[in-house]
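This report refers to the structure that appears directly beneath it.
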Amino acid sequence: MVESQRPKSGGVVILTNRHLSYLVGGREEDNRPAPPFCDIRVEFLSALSKCISQKGHLIRHPDVLTFAFWCRKANITRLRDTFDDGRAHLGLGAVFHVSPSNVPINFAFSYVFGFLAGNSNYVRLPSHKFPQVDIISSALNAVLELPDFTSLKATTHFFRYNHEAEITAEISAKCQGRVIWGGREAIEEVRKYPIQIRGREIGFADRYSFCVLGARTLVEMSRSEMERLALGFYNDTYLMDQNACSSPHLVVWLGDLKNVLEAKARFWDCLLLVARRKYEISTKAVVDKLTLVYQSAIELREIGRVHIHNSLLFRVELEAIPDRLDLLRGNCGYFYEFTVQTLDKIAHIVNSSYQTLTYAGVNRSQLLDFVIENRLSGIDRIVPVGTALDIGVVWDGHHMIQSLSRIIEVR
Amino acid sequence: MISLVDLLDLPPFSISASAKRDIFRSELQELTHHHYLHCPEYKRIIDLMEFESRVAVDPENVPFLPVGIFKTHRLSSVASSSLVSTLNSSGTSGQQVSRISLDRGTANNQKKALARITADCIGDSRLPMLILDSAPSSATTDRTMISARTAGIFGFGNMGLDRTYAFDENMGIKFDVINDFLNRHRDKHVFVFGFTYIIWEHLVLPLSNMGRQFSIDNGTLIHGGGWKKLHDRSVDSAHFKRSVKNVTGITSIYNYYGMAEQAGSIFLECDQGHYHCSNFSDVFIRRNDLTLCDSAERGMIEVISLLPHSYPGHALLTEDVGTLLGEDDCPCGRLGKYFVVHGRIATSEIRGCGDTYQSSS
């Protein structure tokens, strides 16, 4: 097999062996498992974090900076301390990560979870050439060249290919673990090719998320508290054009009608101010939102009223809950709303596609009871408004380090 | 008050701004209310927007629909028994197309308006006509289901005599047929019609490659249709005109902007390179917050037409970007607003979680 090396802008070296183009790593492989959070790996991520943070020009990609901040030593050692359960753990071996093609940063988190769990990682990069991929790849390459970390070189492989079945099959066959991000079709396509017989697999499929707001607490909020809440909601939604799986599409208002009416007025007013200040809406998004609202006007029998604020904020008030509410999705500032006196009224709508419930003005233990007592098949995260997009080692109901490592029982 | 019937008898670019505003206020209110009463889907939209259709408003305040709605919904304001045809917008395979419901009255008004506007370029008498396309096959001549391309050919064809198709069914140039046509009408003014991209792809490029040309020096060409494919090939209007002149000798060339969703009331391009609203149409350019742009400011193009009676398409937000240049004061002398079109709105990359699987090609 012929290999050619050529430097690419940003110092990324691409190794090409006919089908695979590597941005990090190459054919040299070391698939021996390591203990989760072992010192050299913690140090490595700390060095990676510094390497990225030092480059000021990266400010243009806040997701890269968030990633770097996440990798800093203080955060990783904190995670290590909470992970320590007194048992012995070791990674699985080789893990194949199939990253989503249109979320720039998730490939990096997927990799870090596999890496911290003690695995050698094979990461299929997004097919879209995001600048974030190049930035992180070149930082990784730089850190891997440091003398302290050369032993990690054969544990990290980032590559692209044209999704040929033979390559997916070949990589899968040698892996003890596989993490697949994407829609149903994408996950099913990759699943045609088996991993090792005892392998573990996690599918991060497309999910639906919603927000519960307690009207009584909201009406009592001070102006600055309300502004903070609106900013948090903005970050959960507009920041990613409301396209992240954990971005809410529906706001469930909890409370009596009088409080809800007042809370709505104050909350949406504040949100609109934030959006006006921070969000630049694309013309395409305006046209798409208008088209969607008119289509809904025709089709959606449960529509009550529609509020269009300045094309930045579209609100569709529902008078009743339609079947498959999770299929109603807007983007770039388009929300469905429904009011209930008690949460149990909406228990029947929750199916396994529900992921994140963001909340404000509601007791979180009440929300947890709602999920457990109603024995719901969905809702994997209950987090405060403003943290929907925060990614942690627990994601979609999986503890990533536990899922990608094994326990050695010693008695 | 002048109505659409009267407008159809007037020269097509003859109404000045203030008179037009009054006529459009009243005509558009009638249309909005008519569609409100007869198209249930439109009624739901208008009710939800809390718009009062019985009150006349200034044209810019008439509720507009995004053209995309015609791709997902068939909206009709007349009984299905009185529909004479469905016009389908052109779309590449796999794309959804618009379906526009036409009754006899709307189809006739489209025909008359188009004739009025075309007469501005070729005069009132019918001329020998060369169509730079292949003859619509019998499958597409079924007028109950008609593509925008066929509709364009038939629509402009009404203004022609001795209609002659320049291409065979494989879009190959029929040299003998064209030369016979030119010999038959030597020294006469001839009317040439075609779609921009088809002219480029099947006439200009092949003739340039072959090093052949025609001399249709006394012809007037009217062409229209999307520029997207030509933009992709870095061909602009000036380049197009120059190339057409080189291979055909035609110097009198008119481009138009139009769409299946408002057939008939096309926007003709004058020799200044400006698209013109006719007596039947108007245009508004909107910012992303839907407020009106200032003159010379870029925005989304909203088109107004007085013709759509059988479907609620009298005010439509297009997916094109344009700039309003002025009203009633174009150096070419035509009254009405004039504007330029910059192309389709950008389809920006959407952020979020999505499919990782794309079939390898």
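Descriptive notes on the structure:
- A:GLN196 being more than 14 Å from chain B (Cβ to nearest Cβ) and either surrounded by fewer than 22 Cβ atoms within 10 Å (Cβ to Cβ) or assigned to a loop (DSSP other than H, G, I, E, B) (or both): yes
- Test result for B:HIS202, in contact (Cβ under 8 Å) with a residue 40 or more places away in the chain, farther than 21 Å from B:GLY343 by Cα and in contact with a Phe, Trp or Tyr (Cβ under 7 Å, 6 or more places away or on another chain): yes
- Enumerated helices (runs of 4 or more DSSP H) restricted to the range B:11-95, each holding at least 2 residues that are in contact with a His (Cβ under 9 Å, 6 or more places away or on another chain) and over 23 Å from B:GLY264 (Cα atoms): B:40-48
- Residues of the range A:174-187 satisfying the condition of being out of contact with any Ser or Thr (no Cβ under 6 Å at 6 or more places or on another chain) and either at pLDDT below 95 or basic (Lys, Arg) (or both): A:LYS174, A:ARG178, A:GLY183, A:ARG184, A:GLU185, A:ILE187
- Across the range B:156-172, a minimum of one residue is classified as in contact (Cβ under 8 Å) with a residue 60 or more places away in the chain and within 23 Å of B:CYS277 (Cα to Cα).
- For first residues located in the range B:211-230 and acidic (Asp, Glu), partners that are buried (at least 16 other Cβ atoms within 10 Å of the Cβ) and lie 6+ apart or on another chain with Cβ distances below 8 Å form the pairs B:ASP217/B:ILE250.
- Of the criteria (1) within 14 Å of chain B (Cβ to nearest Cβ); (2) in contact (Cβ under 8 Å) with a residue 24 or more places away in the chain; (3) touching a strand residue (DSSP E or B) at 6+ places or on another chain (Cβ under 9 Å), which one A:GLN176 fails: (1)
- Identity of the residue in the range A:260-313, polar (S, T, N, Q), at negative phi and crowded, with 20+ Cβ neighbours inside 10 Å, that ends up nearest to the other protein chains (Cβ to nearest Cβ): A:THR283
- Whichever residue in the range B:217-250 is part of a loop (DSSP other than H, G, I, E, B) and within 18 Å of the chain's Cα centre (by Cα) and, among such residues, is surrounded by the fewest Cβ atoms within 10 Å (Cβ to Cβ): B:GLY226
- If only residues of the range A:314-352 that are buried (at least 17 other Cβ atoms within 10 Å of the Cβ) and hydroxyl-bearing (Ser, Thr, Tyr) are counted, the one that is nearest to the chain's Cα centre (by Cα) is A:TYR334.
Okay, residues lined up against (1) within 19 Å of the chain's Cα centre (by Cα); (2) crowded, with 24+ Cβ neighbours inside 10 Å; (3) in a loop (DSSP other than H, G, I, E, B):
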| residue | (1), (2), (3) |
| --- | --- |
| B:ASN279 | yes, yes, yes |
| B:VAL303 | yes, yes, no |
| B:GLY326 | no, no, no |
| B:ASP329 | no, no, yes |
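- Residues that are basic (Lys, Arg), surrounded by fewer than 21 Cβ atoms within 10 Å (Cβ to Cβ) and under 21 Å from A:VAL24 (Cα atoms), drawn from the range A:159-190: A:ARG160, A:LYS174
- Selection within the range B:21-55 - at pLDDT below 95 and surrounded by 21 or more Cβ atoms within 10 Å (Cβ to Cβ): B:SER53
- Looking only at residues of the range A:209-235 that are outside any loop (DSSP other than H, G, I, E, B), out of contact with any Leu (no Cβ under 8 Å at 6 or more places or on another chain) and among the hydroxyl-bearing types (Ser, Thr, Tyr), we find that the one that is farthest from A:ASP326 (Cα to Cα) is A:SER224.
- Residue selection: A:ARG223 satisfies the criterion of being basic (Lys, Arg) and either surrounded by fewer than 22 Cβ atoms within 10 Å (Cβ to Cβ) or within 11 Å of chain B (Cβ to nearest Cβ) (or both).
- Candidates in the range A:34-56 are the residues that are among the polar types (S, T, N, Q) and not in a loop (DSSP other than H, G, I, E, B); of these, the one that is farthest from A:SER138 (Cα to Cα) is A:SER46.
- Of all residues in the range A:146-171, those satisfying the criterion of being within 14 Å of chain B (Cβ to nearest Cβ) and of a type outside the set (A, V, I, L, M, F, W, C) are A:ARG160, A:TYR161, A:ASN162, A:HIS163, A:GLU164, A:GLU166, A:THR168.
The values are calculated or read from the model by the stated rules, or taken from the named source; none is laboratory data. Just so you know, these numbers come straight off a predicted model, no measurement behind them. Heads up, the Cβs are rebuilt from the backbone with ideal geometry, glycines too, and the neighbour counts pull from every protein chain shown.
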